[in-house]
(Lines give C-alpha, C1' and ligand atoms only; values in the text may rest on other atoms or scores of the structure.)
Protein backbone atom coordinates (compact mmCIF):
# COMPACT_ATOMS: atom_id res chain seq x y z
CA UNK A 1 0.00 0.00 0.00
CA UNK A 2 1.09 3.58 -0.69
CA UNK A 3 -0.46 6.53 1.13
CA UNK A 4 0.09 9.92 -0.50
CA UNK A 5 -0.52 12.84 1.84
CA UNK A 6 -0.83 15.89 -0.35
CA UNK A 7 -1.64 19.46 0.61
CA UNK A 8 -0.36 22.99 0.74
CA UNK A 9 2.77 24.03 2.54
CA UNK A 10 2.02 24.16 6.30
CA UNK A 11 -1.08 21.98 6.00
CA UNK A 12 0.45 19.35 8.30
CA UNK A 13 1.60 16.74 5.77
CA UNK A 14 4.93 15.79 7.31
CA UNK A 15 3.69 15.81 10.90
CA UNK A 16 0.70 13.69 9.88
CA UNK A 17 2.91 11.32 7.89
CA UNK A 18 5.31 10.82 10.81
CA UNK A 19 2.43 10.07 13.19
CA UNK A 20 0.88 7.74 10.64
CA UNK A 21 4.13 5.77 10.39
CA UNK A 22 3.96 5.29 14.17
CA UNK A 23 0.39 4.01 13.94
CA UNK A 24 0.57 1.81 10.82
CA UNK A 25 2.41 -1.44 11.28
CA UNK A 26 5.13 -2.20 8.74
CA UNK A 27 5.19 1.28 7.20
CA UNK A 28 7.92 3.77 6.41
CA UNK A 29 8.18 7.48 5.65
CA UNK A 30 9.32 8.39 2.14
CA UNK A 31 9.77 12.13 1.58
CA UNK A 32 10.37 12.90 -2.14
CA UNK A 33 11.71 16.31 -1.16
CA UNK A 34 14.96 14.52 -0.31
CA UNK A 35 15.08 13.21 -3.89
CA UNK A 36 14.45 16.75 -5.16
CA UNK A 37 17.16 18.34 -3.01
CA UNK A 38 19.67 15.71 -4.12
CA UNK A 39 18.75 16.06 -7.78
CA UNK A 40 18.84 19.86 -7.55
CA UNK A 41 22.39 19.81 -6.23
CA UNK A 42 23.44 17.48 -9.06
CA UNK A 43 21.91 19.46 -11.95
CA UNK A 44 22.33 23.01 -10.60
CA UNK A 45 25.49 23.60 -12.66
CA UNK A 46 23.74 22.61 -15.91
CA UNK A 47 20.06 23.48 -15.49
CA UNK A 48 18.23 26.61 -14.31
CA UNK A 49 15.11 26.12 -12.18
CA UNK A 50 13.24 27.59 -9.22
CA UNK A 51 11.39 24.43 -8.17
CA UNK A 52 12.93 20.97 -8.30
CA UNK A 53 9.49 19.56 -9.20
CA UNK A 54 9.96 21.24 -12.59
CA UNK A 55 13.05 19.13 -13.25
CA UNK A 56 12.06 16.47 -15.78
CA UNK A 57 14.11 13.83 -13.95
CA UNK A 58 12.47 14.43 -10.55
CA UNK A 59 9.10 12.84 -11.24
CA UNK A 60 10.41 9.50 -12.59
CA UNK A 61 13.00 9.44 -9.79
CA UNK A 62 10.22 9.83 -7.21
CA UNK A 63 8.41 6.84 -8.69
CA UNK A 64 11.56 4.76 -9.14
CA UNK A 65 12.66 5.44 -5.57
CA UNK A 66 9.22 4.29 -4.38
CA UNK A 67 9.59 1.15 -6.51
CA UNK A 68 12.98 0.34 -5.00
CA UNK A 69 11.79 1.03 -1.45
CA UNK A 70 8.77 -1.26 -1.93
CA UNK A 71 10.94 -3.94 -3.55
CA UNK A 72 13.70 -3.91 -0.93
CA UNK A 73 11.69 -3.25 2.24
CA UNK A 74 8.18 -4.39 1.31
CA UNK A 75 6.57 -1.82 3.59
CA UNK A 76 3.65 0.56 3.23
CA UNK A 77 5.04 3.87 1.97
CA UNK A 78 3.72 7.04 3.51
CA UNK A 79 4.56 9.96 1.23
CA UNK A 80 4.05 13.61 2.28
CA UNK A 81 4.30 15.86 -0.77
CA UNK A 82 2.86 19.11 -2.08
CA UNK A 83 1.70 18.27 -5.60
CA UNK A 84 -0.59 21.06 -6.79
CA UNK A 85 0.36 21.03 -10.51
CA UNK A 86 -2.12 18.58 -12.03
CA UNK A 87 0.14 17.08 -14.75
CA UNK A 88 2.87 16.36 -12.18
CA UNK A 89 0.33 14.85 -9.79
CA UNK A 90 -1.03 12.59 -12.53
CA UNK A 91 2.44 11.53 -13.68
CA UNK A 92 3.48 10.60 -10.15
CA UNK A 93 0.21 8.94 -9.10
CA UNK A 94 0.07 6.94 -12.35
CA UNK A 95 3.62 5.77 -11.69
CA UNK A 96 2.91 4.98 -8.03
CA UNK A 97 -0.14 2.92 -9.06
CA UNK A 98 2.19 0.82 -11.21
CA UNK A 99 4.42 0.30 -8.17
CA UNK A 100 1.45 -0.66 -5.99
CA UNK A 101 -2.17 -0.51 -7.17
CA UNK A 102 -3.26 0.17 -3.58
CA UNK A 103 -2.56 3.91 -3.71
CA UNK A 104 -4.60 6.10 -1.35
CA UNK A 105 -4.41 9.85 -1.86
CA UNK A 106 -5.41 12.27 0.89
CA UNK A 107 -5.26 16.04 0.52
CA UNK A 108 -4.91 18.13 3.68
CA UNK A 109 -6.58 21.51 3.31
CA UNK A 110 -6.69 24.68 5.39
CA UNK A 111 -7.73 28.30 5.06
CA UNK A 112 -5.06 30.75 3.93
CA UNK A 113 -5.08 32.49 7.33
CA UNK A 114 -4.39 29.18 9.07
CA UNK A 115 -1.51 28.38 6.72
CA UNK A 116 0.04 31.84 7.14
CA UNK A 117 -0.19 31.52 10.93
CA UNK A 118 1.50 28.12 10.82
CA UNK A 119 4.23 29.45 8.52
CA UNK A 120 4.84 32.39 10.87
CA UNK A 121 5.26 29.90 13.74
CA UNK A 122 7.92 28.09 11.68
CA UNK A 123 10.08 31.10 10.91
CA UNK A 124 13.04 29.54 12.72
CA UNK A 125 12.84 26.46 10.46
CA UNK A 126 12.99 28.37 7.16
CA UNK A 127 15.12 31.14 5.72
CA UNK A 128 13.40 34.35 4.65
CA UNK A 129 14.02 33.30 1.05
CA UNK A 130 12.34 29.91 1.61
CA UNK A 131 9.32 31.53 3.30
CA UNK A 132 8.96 34.00 0.41
CA UNK A 133 9.15 31.09 -2.08
CA UNK A 134 6.39 29.24 -0.19
CA UNK A 135 4.16 32.31 0.11
CA UNK A 136 4.58 32.99 -3.61
CA UNK A 137 3.07 29.53 -4.33
CA UNK A 138 0.44 29.48 -1.61
CA UNK A 139 -2.45 30.90 -3.66
CA UNK A 140 -1.80 28.42 -6.48
CA UNK A 141 -1.91 25.57 -3.98
CA UNK A 142 -5.11 26.81 -2.36
CA UNK A 143 -6.85 27.15 -5.73
CA UNK A 144 -5.71 23.74 -6.92
CA UNK A 145 -6.55 21.89 -3.71
CA UNK A 146 -10.05 23.38 -3.61
CA UNK A 147 -10.96 21.35 -6.70
CA UNK A 148 -12.59 17.95 -6.17
CA UNK A 149 -9.93 16.16 -8.23
CA UNK A 150 -7.56 16.21 -5.30
CA UNK A 151 -8.60 12.97 -3.67
CA UNK A 152 -10.10 12.70 -0.23
CA UNK A 153 -9.89 16.19 1.25
CA UNK A 154 -9.34 16.58 4.97
CA UNK A 155 -9.73 20.08 6.44
CA UNK A 156 -7.05 20.67 9.08
CA UNK A 157 -7.86 24.18 10.38
CA UNK A 158 -9.32 23.14 13.71
CA UNK A 159 -7.73 19.71 14.04
CA UNK A 160 -4.74 18.43 15.93
CA UNK A 161 -2.38 16.18 13.95
CA UNK A 162 -3.58 13.15 15.93
CA UNK A 163 -7.16 13.85 14.82
CA UNK A 164 -6.06 14.03 11.19
CA UNK A 165 -4.32 10.66 11.56
CA UNK A 166 -7.47 9.17 13.09
CA UNK A 167 -9.50 10.45 10.15
CA UNK A 168 -7.05 8.96 7.64
CA UNK A 169 -7.06 5.62 9.47
CA UNK A 170 -10.87 5.60 9.49
CA UNK A 171 -10.93 6.39 5.76
CA UNK A 172 -8.40 3.63 5.10
CA UNK A 173 -10.51 1.13 7.07
CA UNK A 174 -13.46 1.93 4.81
CA UNK A 175 -11.42 1.95 1.58
CA UNK A 176 -8.97 -0.94 1.98
CA UNK A 177 -10.43 -4.24 0.78
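The values are calculated or read from the model by the stated rules, or taken from the named source; none is laboratory data. For clarity, every value in this text was computed on a predicted model and none was experimentally measured. With ideal geometry, Cβ positions are generated from the backbone for all residues, glycine too; neighbour counts draw on all protein chains shown.
Take the stretch 77-115 and flag every residue that is touching a residue at least 40 places away in the same chain (Cβ under 8 Å), more than 20 Å from residue 64 (Cβ to Cβ) and either touching a helix residue (DSSP H, G or I) at 6+ places or on another chain (Cβ under 6 Å) or outside any loop (DSSP other than H, G, I, E, B) (or both).
If the condition is that a residue be touching a residue at least 40 places away in the same chain (Cβ under 8 Å), more than 20 Å from residue 64 (Cβ to Cβ) and either touching a helix residue (DSSP H, G or I) at 6+ places or on another chain (Cβ under 6 Å) or outside any loop (DSSP other than H, G, I, E, B) (or both), then 84, 86, 104, 106, 107, 108, 109, 114, 115 are the ones that fit.
In the set 47, 33, which member is out of contact with any helix residue (DSSP H, G or I) (no Cβ under 7 Å at 6 or more places or on another chain) and part of a loop (DSSP other than H, G, I, E, B)?
Result of the check over 47, 33: 47.
Answer with yes or no whether residue 165 is loosely packed, with under 12 Cβ neighbours inside 10 Å and within 26 Å of residue 63 (Cβ to Cβ).
Criteria not met by residue 165.
Among the residues of the stretch 136-156, which ones are surrounded by fewer than 14 Cβ atoms within 10 Å (Cβ to Cβ) and closer than 14 Å to residue 115 by Cα?
Correct list: 136, 139, 140, 143.
Among (1) over 20 Å from residue 93 (Cα atoms); (2) under 16 Å from the mean Cα position of the chain (by Cα); (3) buried (at least 16 other Cβ atoms within 10 Å of the Cβ), where does residue 4 come up short?
(1)
Being closer than 30 Å to residue 160 by Cβ and within 18 Å of the chain's Cα centre (by Cα) is the filter here, so list the residues in the stretch 24-50 that pass it.
Hits for the stretch 24-50 are 24, 27, 28, 29, 30, 31, 32, 33, 34, 35, 36, 37.
When the stretch 68-92 is examined, which residues are found to be surrounded by 18 or more Cβ atoms within 10 Å (Cβ to Cβ) and either under 25 Å from residue 8 (Cα atoms) or within 12 Å of the chain's Cα centre (by Cα) (or both)?
Answer for the stretch 68-92, where residues must be surrounded by 18 or more Cβ atoms within 10 Å (Cβ to Cβ) and either under 25 Å from residue 8 (Cα atoms) or within 12 Å of the chain's Cα centre (by Cα) (or both): 76, 77, 78, 79, 80, 81, 82, 83, 84, 89, 92.
Can you name the residue in the stretch 136-161 that is under 22 Å from residue 103 (Cα atoms) and part of a helix (DSSP H, G or I) and, of all such residues, is modelled with the highest pLDDT?
In this case the residue turns out to be 161.
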